[in-house]
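Enquirer: Please see the structure below; I have some questions.
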């Protein structure tokens, strides 16, 4: 037992000899120290933790708190102090942008907003066909049936609409439609 701990224990025994709130607390100290050693695996830190738990118990009693079971109260305080000790001892690594498990959603939303604005600037017949494709109607025959246009006209308008979108968004005209939402190195992120 360290010299500082012996002084503290001696002081506590003197207080307990009187009729002060800490009378029953001295009997708890060895029990708390054993429990603290199991929680921390370091005798010095365990002794400090047990003393802190007893000090908080005595402070609560001196403050007028009604504590029905001092042993349970002290054990709870000891466990909470141990958890705080573990958290403080745990190495903390600063999170960096590239550590995100999920890609940020903002660039994709910005790209979709840009795409929506570009579609809105298309001629009405082209814009309506692009919106239908975005809604999931990808078959030229189905698009022709729903619009009442010949399939060749639908394909021609879709081709012109895609070419206009690629030009406005700065994408290669030969790139597939899916590239509108791909990330290109050194270019605007359309993701």
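The values are calculated or read from the model by the stated rules, or taken from the named source; none is laboratory data. Just so it is clear, the structure is predicted and the values come from calculations on it, not from any experiment. Glycine also receives a Cβ, built like all others from the backbone with ideal geometry; neighbour counts cover every protein chain displayed.
Enquirer: All but one of (1) within 22 Å of residue 108 (Cβ to Cβ); (2) touching a residue at least 12 places away in the same chain (Cβ under 8 Å) hold for residue 138; which doesn't?
Expert: (2)
Listed here are the residues, each with its yes/no results for (1) on the phi > 0 side of the Ramachandran plot; (2) at pLDDT below 90; (3) within 41 Å of the chain's Cα centre (by Cα).
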residue	(1), (2), (3)
126	no, yes, no
133	no, yes, yes
145	no, no, no
159	no, yes, no
168	no, yes, yes
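Enquirer: Another question, if that's okay. Any chance region 31-41 includes a residue that's outside any helix (DSSP H, G or I), modelled with pLDDT under 85, within 35 Å of the chain's Cα centre (by Cα) and more than 30 Å from residue 168 (Cβ to Cβ)? Full working, then the answer.
Expert: Kept after step one, since they are outside any helix (DSSP H, G or I), are these residues of region 31-41: 41.
Applying the additional criterion that residues be modelled with pLDDT under 85 yields 41.
If we keep only those that are within 35 Å of the chain's Cα centre (by Cα) as well, we get 41.
Adding the requirement that they be more than 30 Å from residue 168 (Cβ to Cβ) leaves 41.
Taking every residue of region 31-41 in turn, at least one turns out to be outside any helix (DSSP H, G or I), modelled with pLDDT under 85, within 35 Å of the chain's Cα centre (by Cα) and more than 30 Å from residue 168 (Cβ to Cβ).
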